Amino acid sequence: QVQLVESGGGLVQAGGSLRLSCVLSGSIDNININAWYRQAPGKQRELVASIVTGGGTNYADSVKGRFTISTDNARKTVYLQMNSLTPEDTAVYYCNARLMVRSTYRWSDYWGQGTQVTVSS
């Protein structure tokens, strides 16, 4: 069973920092894309940051320059460093990975359980 387990969420004041972590486990052959999404109350889930094979990254305009996505070499630990947080960053943050379950030769999307980030003013 493939699992994505997140940690690092919490309550911070505006201007503060948090680092989210996501650990992937299970029978995984390959990982193509790692990403973080977020969903604020009353809004649709949106892509925050992604990182692909070779290290190329993509960020939402609202977080560019403040957030950084990174992984270990195996891409089984994913981080989202969040600096200069504002109340608009308040949301549930979800870890996502596009991966191949062992021996399937098919790409599938897996999601973490979500972790709450609350930024107070």
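Listing for the model above:
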quantity	calculated
Label-point gap, in nm, between ILE33 and THR57 - each point 7 angstrom along Cα→Cβ	1.7 nm
Residues of the stretch 68-92 with amide N under 11 Å of the 7 Å Cα→Cβ point at ALA40	86-92
Mean accessible surface per residue for the stretch 1-120, computed with a 1.4 Å probe while every protein chain stays in place, in Å²	53 Å²
Alpha-carbon Debye profile of the stretch 63-121, log10 I(q)/I(0) at 0.14, 0.18 Å⁻¹	-0.52, -0.77
Percent of Cα-Cα distances greater than 26 Å, calculated over the chain	18 percent
Accessible carbon and sulfur surface of the chain relative to its total accessible area, %, 1.4 Å	44 percent
Theoretical gain in end-to-end length, LYS64 to SER84 [0.36 nm per residue, Cα-Cα removed]	6.1 nm
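The values are calculated or read from the model by the stated rules, or taken from the named source; none is laboratory data. Model, not experiment: these values are computed from the prediction. Cβ: placed from backbone, ideal geometry, glycine included. Neighbour counts: every protein chain shown. We work out accessible area using only protein heavy atoms, side chains counted, and drop any ligands, DNA or RNA first. Shrake-Rupley method; radii C 1.70, N 1.55, O 1.52, S 1.80 Å.
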